[in-house]
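What follows is a short report on a single structure.
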Amino acid sequence: MSLPVVAIVGRPNVGKSTIFNRLAGERIAIVEDQPGITRDRIYSRSEWNGREFHLIDTGGIEFGDTDEIMDHIRNQVELALDEADVILFVADARDGVTTTDEEVARFLHRTNKPVILMVNKVDDIKYTENVFEFYQLGFEHVIPVSSLHGTGTGDMLDAVVEHFPDREEEEYEEDTIKVSLIGRPNVGKSSLVNALLGEERVIVSPVAGTTRDAVDTSFEYEGQKYVLIDTAGIRKRGKVYESIEKYSVIRALRAIERSDVCLIVIDGERGIAEQDKKIAGYAHEAGRAAIFVVNKWDAVEKDEKTMDRFKRRIREEFQFMHYAPILFVSAKTKRRIHTVLPEVNEVAEQHAMRVPTSVLNQVIQDAMVTTPPPSDRGRRFRVRYVTQATVKPPTFILFVNDPELSHFSYLRYLENQLRQAFPFKGTPLRILLRKKS
Ligand code: GDP
Ligand code: GDP
C-alpha cells in the first residue's frame, strides 16, 4: 500500500523549503541511524492526525540547463501533477499575487487534483488583509500561514489530509510476490523488464492491475505469481524530467512502498553513484527485501577478479544492506537473467519468515552467554525474552531490563547472531526494545 503524496509547488522564495522543513517528520525512532544513508532534502515522510504521507519539495529539484524560471516552474508543476495526490501551492502574502503565481494557477487548474493555496509569511496581523486577493486565483482553499512561526499550519494540514484518497485495499493475493525495479535513469530497468517478461516459461497475464496512475504487470513463472509494480513508470514516458536523477528517487518511492522485493538496478558499466545509495536506502528503511542487480555486465571488460571487486565495492558503499544478494546480468544478451526470479523467490520467502519463539530465545540467550553485554556504570543490559512481532520484514521485540542500557553495537551483534542462525537473506530485520523489569 502506498502513502498519499503531497507536492509543494510555487515560485522561488515564497517559503517552500521552510514549510517543507517544518513539516518534515521526525524519523520513526527505532530505525537505526546507519552510515551511508543520506537523507534527501526534497523528500520526507510526515504525519498529521495519524495520517502518514510523503512530502516532496519540487523547488529542490534542478531541471538541468533551463535558465527560464517559468520553464523551471512548469516542470515542477508537471511533476507534481503526475506524482501527487494533493498539491500545496505556496505564495507570498507580502508580495501579493504576482504574474508568476497566476501562471502557476493556470497550470494547476488544468487538472482536477486538489490544490491547497497556502499564503505564506502572514507573520503579522497586518498582512491578513493581503490574503483576500489570493481568492482571485480561483482555489477553494486559501489558507494564511506563517511557516516561520508555525501559525496556520494546522488548518493547512487539515485541508491537505481531507483530500487524501481513500485508503487503498491490498489489491493482490497474499501469495503473489510484488517486485519493483528501482534505480537511476538509464541503468537498464526497462530493458530488464522486457528481458524478464520475455523469459521462456514466463506467462504474462492479459489483464494488468491498475492503481491510480500506476500500471502493474502480472505474470507467472513455474507456478509462482508475481506482479511487476509500476511497469508504466519504468518504461519511459519521455517527459523532460524523466531523466532527472532526483526525480527517479521520487518515482522509486511509491514503487518501493508497494512491493515486497526491490531489485536495485546498478549500471555495471558506469558503476555506483550517490543516487543509487539513496534509492537503496529507501528500500532498506521501508523494510523491503532487496537484491542488487548489476546490469550491463556484457559491456564490462573483465578478468577473473572483476566480479569480486565489484561485489566488494557494493559491500563498501552499501554497508547498511549487507544482507542483499548481488546478481550480475545483462538485459541485452539475456545472460544470467534466469537467475533473477529464483533469487526473488528466495528473498521473498526469507522476508516473510517466522521463527518459532523457543528457537529465537535459545539463539539470543546463547549469544548473551557467548558475549555478555558490556556493563554501564555497574548496570548491565539484559534481554529477558524475545518474540517475533511481524514479518515483511521480520520484526523482533526484545523485552529488556532497561532500553537505555542498550548499545547500538550490541544490538548489531544480536542481529548478526540471528542472521547466523537463520540467514534472512535479502531482508532487513527490525529490532524493537520494550522495558520489562
Ligand atoms: P523557497 O525558495 O520557496 O523554498 O523559499 P525558502 O523556504 O527558501 O524561503 C525564502 C525566504 O523566506 C527565506 O529567507 C525564509 O526565511 C523566508 N520565509 C519563509 N517562510 C517565512 C514566513 O512565514 N515568514 C517570513 N517572514 N519569512 C519567511
Ligand atoms: P532505464 O532508464 O533504467 O529504464 O534504462 P533502459 O532500459 O532504457 O536502458 C538504458 C540504455 O542502456 C539503453 O540504451 C539500453 O539499450 C542500454 N542497456 C540496457 N541494458 C543493457 C545491457 O544489459 N547491456 C548493455 N550493453 N546495454 C544495456
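The values are calculated or read from the model by the stated rules, or taken from the named source; none is laboratory data. All of these numbers come straight from a predicted model, not from anything done at the bench. Positions of Cβ are generated from backbone atoms using ideal geometry, with glycine treated the same way; all protein chains shown enter the neighbour counts.
Here are some notes:
- Filter result for Gly271 (part of a loop (DSSP other than H, G, I, E, B) and either under 21 Å from Lys334 (Cβ atoms) or more than 18 Å from the chain's Cα centre (by Cα) (or both)): yes
- Among the residues of the stretch 346-379, just one is surrounded by 13 or more Cβ atoms within 10 Å (Cβ to Cβ), touching a helix residue (DSSP H, G or I) at 6+ places or on another chain (Cβ under 8 Å) and of a type in the set (D, E, K, R), namely Asp376.
- Residues considered: Thr151, Thr99, Thr111. Of these, the only one that is surrounded by fewer than 20 Cβ atoms within 10 Å (Cβ to Cβ) and within 16 Å of ligand 1 (Cβ to nearest atom) is Thr151.
- Those helices (runs of 4 or more DSSP H) of the stretch 333-421 in which at least 3 residues are among the polar types (S, T, N, Q) and without any contact (Cβ under 8 Å) to a residue 60 or more places away in the chain, considering only elements entirely within it, cover 357-370, 408-421.
- In the stretch 398-437, the residues that are under 25 Å from the mean Cα position of the chain (by Cα) and modelled with pLDDT under 90: Phe408, Pro423
- Comparison of Phe139, Phe164 shows that the only residue that is under 28 Å from Cys262 (Cβ atoms) and among the aromatic types (Phe, Trp, Tyr) is Phe164.
- The single residue among Ser191, Ser180 that is more than 25 Å from Gln350 (Cβ to Cβ) and at pLDDT 90 or above turns out to be Ser191.
- Among residues of the stretch 268-278 being within 14 Å of ligand 2 (Cβ to nearest atom) and crowded, with 20+ Cβ neighbours inside 10 Å, the one that is modelled with the lowest pLDDT is Asp276.
Residues checked against (1) crowded, with 18+ Cβ neighbours inside 10 Å; (2) within 26 Å of Leu263 (Cβ to Cβ):
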| position | (1), (2) |
| --- | --- |
| Thr395 | no, yes |
| Val400 | yes, no |
| Leu405 | yes, no |
| Ser409 | no, no |
| Leu414 | yes, no |
| Arg419 | no, yes |
| Phe424 | yes, yes |
| Leu432 | no, no |
| Lys435 | no, no |
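- Residue among Val369, Val383 that is out of contact with any Gly (no Cβ under 9 Å at 6 or more places or on another chain), closer than 30 Å to Ala286 by Cβ and among the β-branched types (Val, Ile, Thr): Val383
- Scope the stretch 46-69; condition modelled with pLDDT of 80 or more and either over 18 Å from Arg251 (Cβ atoms) or in contact with a Ser or Thr (Cβ under 7 Å, 6 or more places away or on another chain) (or both); matching residues: Ser46, Glu47, Trp48, Asn49, Gly50, Arg51, Glu52, Phe53, Leu55, Asp57, Gly59
- Test: residue in the stretch 23-39 that is at pLDDT 90 or above, buried (at least 20 other Cβ atoms within 10 Å of the Cβ) and more than 16 Å from ligand 2 (Cβ to nearest atom): no
- The stretch 222-245 - residue that is part of a strand (DSSP E or B) and surrounded by 21 or more Cβ atoms within 10 Å (Cβ to Cβ) and, of those, nearest to ligand 1 (Cβ to nearest atom): Leu228
Quick grid of which residues meet (1) within 15 Å of the chain's Cα centre (by Cα); (2) part of a helix (DSSP H, G or I); (3) aliphatic (A, V, I, L, M); (4) surrounded by 20 or more Cβ atoms within 10 Å (Cβ to Cβ):
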| residue | (1), (2), (3), (4) |
| --- | --- |
| Cys262 | yes, no, no, yes |
| Ala280 | yes, yes, yes, yes |
| Glu301 | no, no, no, no |
| Arg309 | no, yes, no, no |
